[in-house]
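These notes concern the structure reproduced below.
The values are calculated or read from the model by the stated rules, or taken from the named source; none is laboratory data. Bear in mind the structure is a predicted one, so any value in this text is a computation, not a measurement. Methodologically, a virtual Cβ is constructed for each residue, glycine included, from the backbone with ideal geometry; neighbour enumeration extends over all protein chains shown.
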Amino acid sequence: MAVYKKLEGKPTRILEKIKESLDRLNEKIDAMIEIQKHGQRVNPEIPDVLDVMTLLSLPDHLRKTAITLCKIGEATADEVAEQTKRARAVESGYLNQLVIMGYMKKERRGRKAYFYVEKEA
């Protein structure tokens, strides 16, 4: 009972802080969804083509996927996985990360998703 009296009032403050944090997260997620819907990049400073500095700024696992796709040109996650010797599901996740980051494009044809780097015009 003494512990309860000691905490009296604190749980509501803690819950209020949690709610504020969740509200901020929801706002950020909503903004990201809107950006995705309109095809805008998350970071507008990202170049259209993957240059050397861009590739070097990527983590190793994403860099390997990006370089492989640059060599192939256009490919499915299966085709990239075949080249990188990683699981298709892993490559699919990495390719989708690169799409979200704005480095790659994704196009669905039937049941397959094709990934590619859009060339500068």
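Remarks
- Of all residues in segment 68-104, those satisfying the criterion of being buried (at least 18 other Cβ atoms within 10 Å of the Cβ) and among the β-branched types (Val, Ile, Thr) are Thr68, Thr76, Val80.
- Scanning segment 58-83 for residues that are in contact with a helix residue (DSSP H, G or I) (Cβ under 9 Å, 6 or more places away or on another chain) and farther than 17 Å from Ala113 by Cβ turns up Leu58, His61, Leu62, Arg63, Lys64, Ile67, Cys70, Lys71.
- Complete set of residues in segment 95-121 that are modelled with pLDDT of 90 or more, small (Gly, Ala, Ser) and on the phi < 0 side of the Ramachandran plot: Ala113
- For segment 69-87, the set of residues classified as under 19 Å from Pro59 (Cα atoms) and out of contact with any Ser or Thr (no Cβ under 6 Å at 6 or more places or on another chain) consists of Leu69, Cys70, Lys71, Ala81, Lys85, Arg86, Ala87, listed by residue number.
- All of Tyr103, Tyr114, Tyr94 fail the test of being within 13 Å of Thr65 (Cβ to Cβ) and in contact (Cβ under 8 Å) with a residue 40 or more places away in the chain, apart from Tyr103.
- Scanning segment 63-112 for residues that are of a type in the set (A, V, I, L, M) and assigned to a strand (DSSP E or B) returns a single hit, Ala75.
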